[in-house]
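The values are calculated or read from the model by the stated rules, or taken from the named source; none is laboratory data. Not measured: the values here are computed from a predicted model. Glycine gets a Cβ as well: all are built from the backbone with ideal geometry, and neighbour counts include every protein chain shown.
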Amino acid sequence: MQPIELNKRIDTLDYLRGFALLGIILVNIPGLMLINLPDTSVDIAYDRFLTLFVEGKFFTIFSFLFGVGFYIFISRAMAKNENAYRLFIRRIIILLLIGLVHFYFQPGEALTIYAIFGLIALPFYKVRKEINLTIGLILLAVTAYFGIKIVMPFPLILLGLAAGQYRIFEKIHDNRKSICIFTVIMFFISIGGLLHQWHYVPDAMVDFNNITEDEYAKHVTNVEQFPLIGLQFSPFVSAFYVGLLMLLLQLPIFQVLLSPLKDYGRMALTNYLGQTALILIIGNAFHLIENIRLVQSLWICIGIYIFQLLFSKIWLKFFKFGPFEWFWRMGTYWTVPSLLKTSTNSKERQ
């Protein structure tokens, strides 16, 4: 195995975390704002867009990246002769506690799930990468096929762990051709899945008083199958998103254009929690909870994007970690790490 670079951040992972956050808020805001089911043509169209391209796709990326980060954290701790497993367990316990508090405000939050599955996945660190890859793919296929969304993070974490073991994100430049082929394959599978999903798109408006039993049964089937098929194909769509972004980031122009995502992703924990806080503050301050349409929530998300992207950029000009990342690090190492950035600081650990 190649030596671990102890302090060098893998920028691509930060870009991907930031990208994942953009989609997660779109899925979370309807529940937090208690938005009613769409009943206008614009809301229905936007709801279908979310189901086709967002729902299940971005949490998949986030879960996978958690697995990659899990591998990098333990590997670098071991390379520094630290008690890696003890540090990781502390790290997971802190994450679980943060998640339990967050759950009070956001019942659909994912941190508690990541903490639980992170602990379950810990023994797999010593398992061969081929076995982790195989187990991860089989479990993901089963959980996605049956639509068991709450369990899907576990195989995704295993796949992220395997990706770390294969050193994929540390050797992107050397494997561009393979990544390109993989991305193209994922693209065509995704297109096929989306076309299949669209075959089951429910009718926008249904007059239940004037439909036959067969038409009613077909409508119920479509309502059930439309989101289920989207979840079944979500790993392929997510893989396409990840592969495409990895390839684009090999070009300097896209590194510049997408640079706000890098800082956004470096503060992923802070921004994930901040999304919930901002949605609830805005919703209560302007009396929008239960009083806003689905498509209007998009404008709130865009406003939060702008605020958090700017905040992350400015914050990281002066500080080495996001606020919650600093707290998380302090709980992990039982020390108070320096927060202020100086000109002589090297890049911090992933």
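Numbers at a glance
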| read-out | value |
| --- | --- |
| Qualifying residue in segment 322-344 (condition: assigned to a loop (DSSP other than H, G, I, E, B), modelled with pLDDT under 95, under 25 Å from the mean Cα position of the chain (by Cα) and surrounded by 14 or more Cβ atoms within 10 Å (Cβ to Cβ)) | no |
| Which listed residue is part of a helix (DSSP H, G or I) and within 22 Å of PHE187 (Cα to Cα), from SER297, SER238 | SER238 |
| Test set (1) of a type in the set (A, V, I, L, M, F, W, C); (2) touching a residue at least 40 places away in the same chain (Cβ under 8 Å); (3) more than 19 Å from LEU21 (Cα to Cα) - ILE92 fails condition number | (2) |
| Any hit, segment 231-239, residues being more than 30 Å from ARG329 (Cβ to Cβ), surrounded by fewer than 20 Cβ atoms within 10 Å (Cβ to Cβ) and in contact (Cβ under 8 Å) with a residue 40 or more places away in the chain | no |
| Residue list for segment 159-194, filter: closer than 15 Å to ILE10 by Cβ and among the charged types (D, E, K, R) | ARG167, GLU170, LYS171, ASP174 |
| Meets criteria (aliphatic (A, V, I, L, M), out of contact with any helix residue (DSSP H, G or I) (no Cβ under 7 Å at 6 or more places or on another chain), surrounded by fewer than 14 Cβ atoms within 10 Å (Cβ to Cβ) and assigned to a helix (DSSP H, G or I)) for ILE131 | yes |
| Boolean, TYR104 is hydroxyl-bearing (Ser, Thr, Tyr), in contact with a Lys or Arg (Cβ under 6 Å, 6 or more places away or on another chain) and assigned to a helix (DSSP H, G or I) | no |
| Single match in LYS149, LYS177 (criterion: of a type in the set (D, E, K, R), out of contact with any Lys or Arg (no Cβ under 7 Å at 6 or more places or on another chain) and outside any helix (DSSP H, G or I)) | LYS149 |
| Residues that are loosely packed, with under 12 Cβ neighbours inside 10 Å, over 19 Å from ARG17 (Cα atoms) and free of Cβ contacts under 8 Å to residues at least 40 places away in the same chain, drawn from segment 284-315 | ASN284, ALA285, PHE286, HIS287, TRP299 |
